[in-house]
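Each reported figure results from applying straightforward, stated rules to the coordinates on display, with no laboratory input. Given the structure is predicted, the values throughout are model-derived calculations rather than measurements. Cβ sites come from the backbone with ideal geometry, for glycine too, and all protein chains shown count toward neighbours.
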Amino acid sequence: MSMKLHGTTILTVRHGGVVAMGGDGQVTLGDSVMKSDATKIRRLSDGAVLCGFAGATADAFALLERFEGHLKDHPANIVRAATELAKQWRTDRVLRRLEAMMTVADDTTTLLVSGTGDVVQPTDGIIGIGSGGNYALAAARALVAHASLDAAELVRVALTIAAGIDIYTNTHFAVEELACSS
């Protein structure tokens, strides 16, 4: 019997001149919590790019490594790096079997990258991925409209709301921030 890894909520919010990305720390295998303090957010390109991942851990790390390689090939151009990763991910016989999603952000751009070839830049600068991603996304959109929180606080509150709904999301959060370009 194959046990599938579940979990993760990653939220990216561009608000008030800052982009903040946060994720919970829970990793589950079947119906057991295997780790509660995993870090699913990484800084790349000497700290200029934030990357969060959801899905099977080994798959996410393989994609993260490839994305970092594309960033080296296309410095300061995350759209091109993400597009190259999505093309490779979709067409490579081995990579297309990977089960993960990524959200990436720099000082000007926020993207969702998937194995189906999607490279999506949200209109409102908010992306939620993973099992609790839609809950966090809805909470963040409501908070942006009705609360006076900075980007990092907004991410923490929205992730807390998602953790109260999604059983695969815990409240051990890691949040990273980048200042946005004017």
- So what is the relative contact order for the chain, in percent, with contacts set as C-alpha pairs under 8 Å and at least six apart? 33
- Per q in 0.13, 0.15, 0.19 1/Å, what log10 I(q)/I(0) does a Debye calculation on the alpha-carbon atoms of the chain return? -0.59, -0.79, -1.25
- Note on the structure: Computed on Cα atoms only, the convex hull of segment 50-147 has an orientation-averaged projected area in nm² of 6.3
- segment 123-158 to segment 34-111: how many Å between their Cα centroids? 21
- Ranked from highest to lowest mean number of other Cβ atoms within 10 Å per residue, what is the order of the peptides 124-131, 41-48? 124-131, 41-48
- Query: Which of the peptides 98-109, 167-178 is most tightly packed, and how do the rest follow, going by the mean number of other Cβ atoms within 10 Å of each residue?
  - Reply: 98-109, 167-178
- Please give the contour-minus-distance gain from residue 118 to residue 179: 0.36 nm per residue of separation, less the Cα-Cα distance, rounded to one decimal in nm. 19.4 nm
- For residue 46, what is the net charge nearby, where nearby means another residue's Cβ is under 12 Å from its Cβ and Lys, Arg count +1, Asp, Glu -1? 0
- Query: With helices defined as uninterrupted DSSP H runs, which ones in the chain have an alpha carbon span along their own long axis of at least 20 Å and mean Kyte-Doolittle hydropathy of at least 1.0?
  - Reply: 151-165
- Item | Farthest toward positive dipole pole in segment 5-173 [+1 Lys/Arg, -1 Asp/Glu at C-beta], among 94, 163, 15 | 94
- Helix-only CD estimate at 222 nm, as mean residue ellipticity for the chain, using -39500 (n - 2.57) per DSSP H run (n ≥ 4): -11000 deg cm²/dmol
- Message: Sort 116-122, 140-146 by packing, meaning the average of other beta carbons within 10 Å per residue, with the highest value first.
- Response: 140-146, 116-122
- Treating every alpha carbon of segment 2-55 as one equal point scatterer without solvent, the Debye formula yields log10 I(q)/I(0) values at q = 0.28, 0.30 Å⁻¹ of -1.08, -1.16
- Message: Contact order normalised by length for segment 76-156, with contacts defined as Cα pairs under 8 Å and 6 or more residues apart; what percent is it?
- Response: 21
